[in-house]
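Enquirer: Before I ask anything, let me first share the structure, which is written out below as structure tokens.
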Amino acid sequence: MEVHIQLTKLRTKLFCSCNSDYRDAEPNTHLCPICIGLPGTLPVINNKAIEFATKIALGLNCQINEVMYFFRKNYFYPDLPKGFQISQYNKAGGKAFADGGKVTIRLNSNKKDILLDRIHLEEDPARLVHKGSIRTSPYTLVDYNRSGIALIEIVTEPVLSSPAEAREFLNQLKLIVQYTGISDLSLEGSLRVDANISIKGHPRAEVKNINSFKEVESALIYEIMRQKNEIKKGKEIIQETRHWDGRVTIPLRTKEFEKDYRYFPEQDLVPIIITKKNIDEIRESLPEMPYERVSRLQHQYMLSEFDAENLILDKDIADFYENGVNSDPTFGPNEFKLYCNWLMNDIVGWLNENNSKIIDTKLKPHYIVDLILNIKKGTITTKMAKTMINDMMKGKTISKILEDKDKKRISNEFILEKYCKEAIEENPNIIKDFEKNPKAFEALIGRVMAKTKGQADPKITRKILRNLLH
Ligand code: ZN
Ligand code: MN
């Protein structure tokens, strides 16, 4: 698998100072003589891109090469105005940005290391726009705004053995990218995957430019089935480049071989030298990686591996969790677990339902602390808390919700007694259970609450019920 990731957190392109934030721009407005490859122009490396590449190399546990040149990868295609792409090459005296590395995935409780071959820096080609489908479009439009955007390419060893593994690999990779802060992969086109697929003993086909995780899995499932069918029919697989159109893969061109690219050093750029000191400084500045965070969360908050792995799946959620549980010094292992449950079940459930991110809501980390404490004090039941999640997400603490309710609260003992008597009469089963089961009493309070739409004063209700039952 070859994964191209745009360094979207860079302000400028890889070799010129054009603004890299091109997504809402008019076509062909973010360009200059360098990124449209006019003769006589000279590229200059973006120093921040080297820093970002170092970050992701460290996050993936790669071995960074300390001296490297850029190479020209020659091919003639309308998205490349120069006729070559400035990239890196790990042969002919060239070095990738970094070698090796790994991403650990978990599938059905089995762990597997997906080994990386290398990662390298290169420039993004221009964007080609087709009218309708790529096959039937009568023309191709070229938008050079994307030309020269910094890409990091991550190449795995041929170790992925199923579409599900590929999907999990991408999930984990995305997470590491999010933690390093080099790119926002929710942006359209910021991640593009080329997948090389082969049935053992046969040549491979490459499906190019698949741009979402779901599509990668579907494309792989389709392509594996296609190749198996070809082989069954006695046909040979052709080594070629194919395009995924959302339903099927179609042949684009017979695959170029490496020699067709005529790689040679890019003499317009000086060698890049990264010292051990540079690397150490960047390592210092690097936040904790997701896999490191899992084991820390387990130890620091006594969470299960399952809970810790779930929390780190989104950095914002994990940050929120830690801010929350640390905001109350009385919290211990019991509350750490409760907080995790509320966050991962009710809050994340609400976020999914409303298609929103936690940072875009008005929920604050201490709101869940407030919720847990209110349940502990007995001012609300777990059931009631669940009905208050929606108001919480809109910026109200449970305490505030209760305060507002207080104004409507029924504390008149005469009226409450009437409700309590009704509840007892209507629920003989609960009463029967009352002597043996302490939960029965809570259930009865729940019935009174339901009757009064949550407006009964819980303390007075408790007192009345107790008197009535003894
Ligand atoms: Zn430019
Ligand atoms: Mn590439």
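The values are calculated or read from the model by the stated rules, or taken from the named source; none is laboratory data. Remember, it's a predicted structure, so these values are computed and weren't measured experimentally. All Cβ positions, even for glycine, are placed from backbone atoms using ideal geometry, and neighbour counts span all protein chains on display. Ligands, DNA and RNA are stripped out before the accessible areas are found, and what is left, the full protein with its side chains, is counted by its heavy atoms. Shrake-Rupley method; radii C 1.70, N 1.55, O 1.52, S 1.80 Å.
Enquirer: Can you find a residue that is within 16 Å of ligand 1 (Cβ to nearest atom), out of contact with any Asp or Glu (no Cβ under 8 Å at 6 or more places or on another chain) and at pLDDT 95 or above anywhere in the range 109-123?
Expert: Checked the range 109-123: at least one residue is within 16 Å of ligand 1 (Cβ to nearest atom), out of contact with any Asp or Glu (no Cβ under 8 Å at 6 or more places or on another chain) and at pLDDT 95 or above.
Enquirer: Here's another thing I want to ask about it. Can you name every residue in the range 86-117 that is buried (at least 20 other Cβ atoms within 10 Å of the Cβ) and over 22 Å from the mean Cα position of the chain (by Cα)?
Expert: I86, S87, Q88, Y89, K95, A96, F97, A98, listed by residue number.
Enquirer: Tell me which of these D79 doesn't satisfy, since it passes every other one: (1) acidic (D, E); (2) more than 26 Å from L173 (Cα to Cα); (3) away from ligand 2 (no atom under 16 Å from the Cβ).
Expert: The one condition D79 does not meet is (3).
Enquirer: Residue by residue through the range 1-55, note down the ones that are acidic (D, E), more than 14 Å from ligand 1 (Cβ to nearest atom) and under 28 Å from the mean Cα position of the chain (by Cα).
Expert: E2, D24, E51
Enquirer: Of the residues D307, D370, which single one is acidic (D, E), in contact with a helix residue (DSSP H, G or I) (Cβ under 8 Å, 6 or more places away or on another chain) and more than 24 Å from Y179 (Cα to Cα)?
Expert: Exactly one residue qualifies, and that residue is D370.
Enquirer: Taking the condition within 14 Å of ligand 1 (Cβ to nearest atom) and within 30 Å of S285 (Cβ to Cβ), does Y69 pass?
Expert: no
Enquirer: Take I221 and tell me if it is in contact with a helix residue (DSSP H, G or I) (Cβ under 7 Å, 6 or more places away or on another chain) and surrounded by fewer than 16 Cβ atoms within 10 Å (Cβ to Cβ).
Expert: yes
Enquirer: Across the range 431-457, which residue is modelled with the lowest pLDDT among those that are open to solvent by less than 20 Å² (accessible area, probe 1.4 Å) and within 25 Å of K405 (Cα to Cα)?
Expert: Here the residue is G454.
Enquirer: Tell me which residues, restricted to the range 185-210, are among the aliphatic types (A, V, I, L, M) and surrounded by fewer than 16 Cβ atoms within 10 Å (Cβ to Cβ).
Expert: L187, I199
Enquirer: Looking only at residues in the range 18-49 that are surrounded by fewer than 18 Cβ atoms within 10 Å (Cβ to Cβ) and farther than 18 Å from A126 by Cβ, which one is modelled with the lowest pLDDT?
Expert: Ranking the candidates gives G40 first.
Enquirer: Ok, one more. Out of N390, N374, report the one residue that is open to solvent by 50 Å² or more (accessible area, probe 1.4 Å) and under 30 Å from K362 (Cβ atoms).
Expert: Working: N374 fails: open to solvent by 50 Å² or more (accessible area, probe 1.4 Å).
Result of the check over N390, N374: N390.
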